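Inspection log for the structure reproduced underneath, given as structure tokens.
Only the coordinates and a few stated rules stand behind these numbers; no lab work does. Every value quoted in this text rests on a predicted model; they were computed, and no experiment measured them.
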Amino acid sequence: MSEEANVISINGNEYEESALSDVQKKYIYHIRDLQQKISVRKLELEPLEVALEHYTNTLIKEIESENDNG
């Protein structure tokens, strides 16, 4: 059973991860970690945006209702 090499694509060029320096591998680790954290934060942000829109729309309706009745 052969193990497939992990290939990194940067600016259209492909590099085998095993051929990179330890410093470059560390940067790749940080990039992947940040990408994962950003993805999680986007998922966390979505319900907050929905709640913000809901409360904003509710406030607008409440104010418009008072203006119509006042």
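May I ask for the percentage of alpha-carbon pairs in the stretch 22-61 that lie more than 11 Å from each other?
68
Straight-line reach only, C-alpha to C-alpha below 27 angstrom: list the lysines that K26 could link to, leaving out same-chain residues fewer than 8 apart.
Partners within reach: K37, K42.
With N set to the residue count of the chain, report its C-alpha Rg divided by 2.2 N^0.38 Å to two decimal places.
The chain yields a ratio of 2.20.
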